[in-house]
Amino acid sequence: MAEEGVVIGCHSVDEWKDQLKKAEDSNKLVVVDFTASWCGPCRFIAPIVAEFAKKFTNVAFLKVDVDELKTVAKEWGIEAMPTFLFIKQGKLVDKVVGAKKDELQSTITKHVAAAA
């Protein structure tokens, strides 16, 4: 099972698939932060995402560097950073583009409530 209360960085395609499968098997909502080291807004939102990971322990938080895992970013249609994808049971259920703390939190809350 994915670790609780932390953002898990995926540094290989295998690691990405493994973490996604673990979350899917545990029936958790997955929030994926598609980021880049050179992206200012990504650096701004990163500590906020880490706080959300501590708050929403029933959600799996994954982080993917788009330069490191270009194939994963392309496969999921990522065009801007940061992009947050919300995945449930292997399917995309929502998306937030940009470092929008309030929208990110309300989208997490919405999907956590729907799963309860």
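Among the criteria (1) among the polar types (S, T, N, Q); (2) buried (at least 18 other Cβ atoms within 10 Å of the Cβ); (3) within 18 Å of Gly9 (Cβ to Cβ), the one Thr107 does not fulfil is (3). Of the residues making up segment 1-21, just one is in a strand (DSSP E or B) and either exposed (fewer than 14 other Cβ atoms within 10 Å of the Cβ) or small (Gly, Ala, Ser) (or both), namely Gly9.
If you go through segment 54-65 and pick out every residue that is in contact (Cβ under 8 Å) with a residue 12 or more places away in the chain and open to solvent by 70 Å² or more (accessible area, probe 1.4 Å), you end up with 2. Identify, please: which residue in segment 22-53 is part of a loop (DSSP other than H, G, I, E, B) and touching a strand residue (DSSP E or B) at 6+ places or on another chain (Cβ under 7 Å) and is, among those, most open to solvent (accessible area, probe 1.4 Å)? Among them, the one singled out is Ser37. Would you please list the contacts, defined by Cβ atoms under 9 Å and residues six or more apart or on different chains, that run from a residue in segment 89-112 that is within 20 Å of Cys39 (Cβ to Cβ) to a residue that is open to solvent by less than 60 Å² (accessible area, probe 1.4 Å) and among the polar types (S, T, N, Q)? Partner pairs satisfying both residue conditions: Lys95/Thr83; Lys95/Thr107; Val96/Thr83; Val96/Thr107; Val97/Thr83; Gly98/Thr83. Figure legend. Inter-residue proximity from segment 29-46: first residues over 27 Å from Ala114 (Cα atoms), second residues open to solvent by less than 10 Å² (accessible area, probe 1.4 Å) and in a helix (DSSP H, G or I), beta-carbon distance below 7 Å, spacing 6+ or different chains. Indicated pairs: Ala36/Cys42. Among the numbered conditions (1) under 18 Å from Leu20 (Cβ atoms); (2) out of contact with any Lys or Arg (no Cβ under 7 Å at 6 or more places or on another chain), the only one that Thr35 does not meet is (2).
Restricting attention to segment 66-96, the residues being open to solvent by 60 Å² or more (accessible area, probe 1.4 Å), outside any loop (DSSP other than H, G, I, E, B) and modelled with pLDDT of 95 or more number 7.
The values are calculated or read from the model by the stated rules, or taken from the named source; none is laboratory data. Quick caveat, the model's predicted, so the values are computed rather than measured. Cβ atoms come from the backbone with ideal geometry, glycine included; neighbour counts cover every protein chain shown. Keep in mind that these areas ignore ligands, DNA and RNA; they rest on the heavy atoms of the full protein, side chains included. Shrake-Rupley method; radii C 1.70, N 1.55, O 1.52, S 1.80 Å.
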